[in-house]
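The structure under discussion appears below in the form of structure tokens.
The values are calculated or read from the model by the stated rules, or taken from the named source; none is laboratory data. This is a predicted model, so every value here is computed, not measured. Note that each Cβ is placed from the backbone with ideal geometry, even for glycine, and that neighbours are counted across all protein chains shown.
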């Protein structure tokens, strides 16, 4: 059978299996095993255990559970509420400053936790009621938090970037740095839209109400600054050549646990056990998907699907930006239905040869891919962040939350366009800090 036609059949079968409700990892294993048996015979299954466990034999994978513990320990405390409150106290006199402080809190908490749902929950519980009380439109209040929460998979340290780095064998350090400027760009675009929407639909005098003394502004900083110092310390250790990403993740996780215990009194064994238990569940889920994706990649390569697609793309007489546009549409659609980790692990073996053949930088592409995944987090039918926000504020309808999120989707699309026009937004900082890629 023609490998391209076979690839199309594999894609359709994979979609059907995943839509059946089977877990992503198990679905990938079922599809891989089925096609290997049909085309290579039952003996091909003897290699599956070796590939499955071999994919996990990677020291870089240790950083995933460590960063997850780091985020879980922060999410289990009042750090999100304190971060929001600190920014709100400092920005309260600025018209529309509350929505800016919420987005700033989302960006910082996303960097600390690396989790989009955790960011929405932590900042939204405090931010949404306060914004509505001050007179902000429901769409702005809910949409800004939903969009701000998506920053967790772009701003470093990001588990999604780690997964991409492992799947494509690219530098995790470079990927982290590549997400910094685009992440700040998104924060700026979100803030600009939020301020415009607020000023055009609300009473600016009312929106700037509230006043805090200087002592009240400074008194909350000791509870917030330690976590921020840890984030910068982790990044400094990584890029200063002091430690590897896995080592810095382990130290960061330990320090976050200690701060949670010391500052937020998280010393009850049951609370600590909950943090470790939830972190273990999430880590095992991600690692299982990574292992299953390794088998899936082997199946695609064994049946010459990946190689044939790369060769076919190379023979196409089409502008490479049209090709990139088609890739973005594919990623958007995939992100509507699947979590970011699953999309990256499934698509990377196919997309990486395509983008490199077309002359695109894989580090730059990682940022474009991640922003596409962010759009999926606030877009139906899955739109995880939308449901998190609806759980926090059940009296705000999903329709209102979605309507409030659409302008932020437009901001993300604008960010992708800017990245296409100015690739240096993603590649300049990694090249400046770590030297030009060879």
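Suppose we filter 218, 232, 227, 190 for residues that are at pLDDT below 75 and either assigned to a helix (DSSP H, G or I) or exposed (fewer than 13 other Cβ atoms within 10 Å of the Cβ) (or both); which single one remains? Matching residue, one of 218, 232, 227, 190: 227. Of 282, 247, all but one fail to be out of contact with any helix residue (DSSP H, G or I) (no Cβ under 7 Å at 6 or more places or on another chain) and assigned to a helix (DSSP H, G or I); the exception is 247. Scanning the stretch 10-37 for residues that are surrounded by fewer than 13 Cβ atoms within 10 Å (Cβ to Cβ) and not in a loop (DSSP other than H, G, I, E, B) yields 12, 16, 19.
Among the residues examined, residue 309 qualifies as over 25 Å from residue 422 (Cα atoms) and either in a helix (DSSP H, G or I) or in contact (Cβ under 8 Å) with a residue 24 or more places away in the chain (or both).
What about residue 277, is it modelled with pLDDT of 80 or more and farther than 16 Å from residue 71 by Cα? Here the answer is no, as residue 277 does not meet what is asked.
Just the residues that are surrounded by fewer than 14 Cβ atoms within 10 Å (Cβ to Cβ), assigned to a helix (DSSP H, G or I) and modelled with pLDDT of 70 or more, please, taken from the stretch 193-213. Result: 196, 199, 200. Filtering 165, 149, 139 for residues that are in contact (Cβ under 8 Å) with a residue 60 or more places away in the chain and more than 14 Å from the chain's Cα centre (by Cα) leaves a single hit, 139. Consider residue 291 carefully, then state whether it is assigned to a helix (DSSP H, G or I), touching a helix residue (DSSP H, G or I) at 6+ places or on another chain (Cβ under 7 Å), at pLDDT 85 or above and buried (at least 17 other Cβ atoms within 10 Å of the Cβ). Yes. The residues on offer are 347, 393, and the sole one that is without any contact (Cβ under 8 Å) to a residue 60 or more places away in the chain and crowded, with 17+ Cβ neighbours inside 10 Å is 347. Screening residue 63 against (1) surrounded by fewer than 21 Cβ atoms within 10 Å (Cβ to Cβ); (2) assigned to a helix (DSSP H, G or I); (3) touching a helix residue (DSSP H, G or I) at 6+ places or on another chain (Cβ under 9 Å) leaves a single unmet condition, (1). No other residue among 83, 56, 47 is surrounded by fewer than 19 Cβ atoms within 10 Å (Cβ to Cβ), in a helix (DSSP H, G or I), at pLDDT below 85 and out of contact with any strand residue (DSSP E or B) (no Cβ under 8 Å at 6 or more places or on another chain) apart from 47.
Across the stretch 421-438, the number of residues qualifying as surrounded by fewer than 19 Cβ atoms within 10 Å (Cβ to Cβ), farther than 24 Å from residue 148 by Cβ and modelled with pLDDT of 90 or more comes to 4.
Within the set 386, 414, the sole residue that is part of a helix (DSSP H, G or I) and crowded, with 21+ Cβ neighbours inside 10 Å turns out to be 386.
Against the criterion of being without any contact (Cβ under 8 Å) to a residue 24 or more places away in the chain and closer than 30 Å to residue 12 by Cβ, residue 295 does not qualify. Among the residues of the stretch 350-383, those identified as within 21 Å of the chain's Cα centre (by Cα) and not in a helix (DSSP H, G or I) are 361, 378, 379, 380, 381, 382, 383.
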